[in-house]
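The values are calculated or read from the model by the stated rules, or taken from the named source; none is laboratory data. Quick caveat, the model's predicted, so the values are computed rather than measured. FYI the Cβ positions are ideal-geometry reconstructions off the backbone, even for glycines, and counts take in every protein chain you see. Note: areas computed on protein heavy atoms with side chains; ligands, DNA, RNA excluded. Shrake-Rupley method; radii C 1.70, N 1.55, O 1.52, S 1.80 Å.
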Amino acid sequence: GPPVRPTRRSAGPRVVPTKKEEPLPPATSQNIPTFYFPRGRPKDTVNIDAVITKIERTFAQFPHERATMEDMGRVAKACGCPLYWKGPLFCCAGGERTGAVSVHKFVAMWRKVLQSCHDDAAKFVHLLMSPGANYLVQEDFVPFLQDVVNTHPGLAFLKEASEFHSRYITTVTQRIFYSVIFYSVNRSWSGRITCAELRRSTFLQNVALLEEEADINQLTEYFSYEHFYVIYCKFWELDTDHDLLIDSQDLARHNDHAISSRMIERIFSGAVTRGRKVQKEGKISYADFVWFLISEEDKKTPTSIEYWFRCMDLDGDGALSMFELEYFYEEQCRRLDSMAIEALPFEDCLCQMLDLVKPQSEGKITLRDLKRCKLANVFFDTFFNIEKYLDHEQKEQVSLLRESDSEGPELSDWEKYAAEEYDILVAEEAAGEPWEDGYEAEPSPVDQKLGSLRSPLAQRPFFEAPSPLGT
């Protein structure tokens with residue numbers, strides 16, 4: 001049967017005070033203690049020589065005191081690092097160029113790291129970043145994630161399906177940037193991760209959990225294979241020519257045309273995407289789709305709220321005006337009319353939404369207003385998602401608030417969606433098996449729907465290798 005659904009969530013974010021990105025000029029008085037530590041606060045207790053001795057002892061067990069990639073797990077432990085730092089450690093010492101790294105080269109590299117980087121975030125950024133940079137870009141994560149794919153027991157079934165490796169790596173990379181942007185100071189969506197942002201995020205705790213958790217699907221925040229499978233299947237259904245790019249007509253078909261055409265236009269306007277493909281060719285990549293789908297299925301997270309705010313802020317002035325709200329609501333009204341459903345007049349809808357959000361300034365809604373509001377998902381769906389708008393209308397606001405107030409290890413909207421969709425994919429794979437044995441019953445309407453979902457899977461041969469069950 002399908003794997004056990006995730007029952008717990010990864011460690012929550014640590015609350016770290018925001019730090020300035022630039023150091024202040026030196027003070028004239030010598031009595032003011034240093035308070036800015038961009039590479040972590042130095043620890044008096046670290047005995048660098050003792051660490052180096054332990055590393056040298058570990059290297060002494062290898063032929064010619066040279067470590068291959070297979071040896072790096074033991075070296076990582078000697079360094080006092082989590083197991084899955086082994087790939088970055090190997091690459092930073094030059095191992096990927098020569099296939100092995102000598103004790104002298106490794107010790108020189110690690111001594112320099114220990115002298116200049118004083119916490120895990122600073123060390124990890126140093127290991128992954130390009131020479132001369134002080135931040136991480138998406139490409140920097142590829143060697144690290146490739147090692148996770150190659151060696152994590154929960155992904156062993158992917159070993160032979162190499163065409164899946166880059167898709168999984170792209171998905172996890174996008175999820176890292178999607179999540180870490182929440183901890184960003186400048187909110188610029190620059191495509192870079194600084195040491196301070198990584199320090200405030202949950203990413204390094206999740207990297208440490210890779211060692212402890214054999215079932216990668218339990219790590220729902222970044223690494224879950226089931227989540228990747230759902231995202232990629234959804235993309236495949238829309239990408240009819242399978243060039244890994246989709247246009248606005250493709251995206252409009254998502255969830256049976258639930259999202260308004262005006263919002264689809266905004267997604268392709270460059271408001272929430274980077275790169276020339278969108279502007280030049282009117283297409284978005286698989287990486288862009290990862291951001292879209294997570295934002296669409298969980299509109300309560302800070303990043304998704306910002307995603308949709310950017311789309312609705314037509315003039316980019318940092319506030320949603322009544323004109324902008326009416327622009328999106330007009331299409332909703334037309335769509336409701338075509339379904340023979342009477343739409344609320346805009347003035348009444350506006351009163352409801354202002355009552356819901358309670359903006360600080362009259363006549364406009366800011367990003368801060370929406371992040372304070374616990375029902376941002378209801379606000380957004382009212383203006384551009386007809387299916388979810390009607391679903392919210394069925395529920396009373398009291399029950400919606402009760403849902404949003406629940407504390408504890410409750411699954412997020414994204415986790416619930418991914419679990420449900422994954423179960424559907426597994427069920428339709430199972431439903432298809434008897435047909436291949438030479439008999440076929442008259443499909444019911446439900447079976448037909450499952451069959452239409454299944455057909456994209458059946459058409460792509462490399463989906464046969466890693467089935468959704470990972471067997």
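Give me the base-10 log of I(q)/I(0) for the stretch 132-223 at each q in 0.12, 0.20 Å⁻¹, Debye formula, one uniform scatterer per Cα, rounded to two decimals. Debye output, listed in q order: -0.38, -0.99. The stretch 128-219: which trypsin sites (Lys or Arg not before Pro) are DSSP loop and have at most 15 other beta-carbon atoms within 10 angstrom? Counting only loop positions with at most 15 other Cβ atoms within 10 Å, the trypsin sites (Lys or Arg not before Pro) in the stretch 128-219 are K159, R187. Taking the centroid of alpha carbons for each part, the stretch 253-315 and the stretch 60-103 are 41 Å apart.
Simple spin-label estimate for K54 and A430 gives 4.7 nm between the two label positions (7 Å along the Cα-to-Cβ direction from each Cα).
In terms of its C-alpha gyration tensor, the stretch 310-360 comes out oblate, because a/c is 1.5 or above while a/b does not outweigh b/c.
In the structure shown, the pairs K54/K123; K283/K416; K159/K416; K54/K112 are assessed against 22 Å; a Cα-Cα span above that value is assigned to K283/K416; K159/K416. Each Lys or Arg adds one and each Asp or Glu subtracts one; over the other residues with Cβ under 10 Å from the Cβ of L136, this totals -2. Label-to-label distance for A156 and D315 is 6.1 nm, based on points extended 7 Å past Cα in the beta-carbon direction.
Is the C-alpha gyration tensor of the stretch 246-376 telling us rounded, prolate or oblate? Criteria: a/c under 1.5 is rounded; beyond that, a/b larger than b/c is prolate, otherwise oblate. Oblate shape, in that a/c is at least 1.5 and b/c is the bigger or equal ratio. Over the stretch 39-118, accessible surface divided per residue gives 52 Å², non-protein components excluded, 1.4 Å probe. One way to sum up the overall shape of the stretch 39-118 is the equivalent ellipsoid from its Cα gyration tensor, whose semi-axes run 21, 13, 11 Å, largest first. Among residues other than L314 with Cβ under 15 Å from its Cβ, the summed charge is -4 (Lys and Arg +1, Asp and Glu -1).
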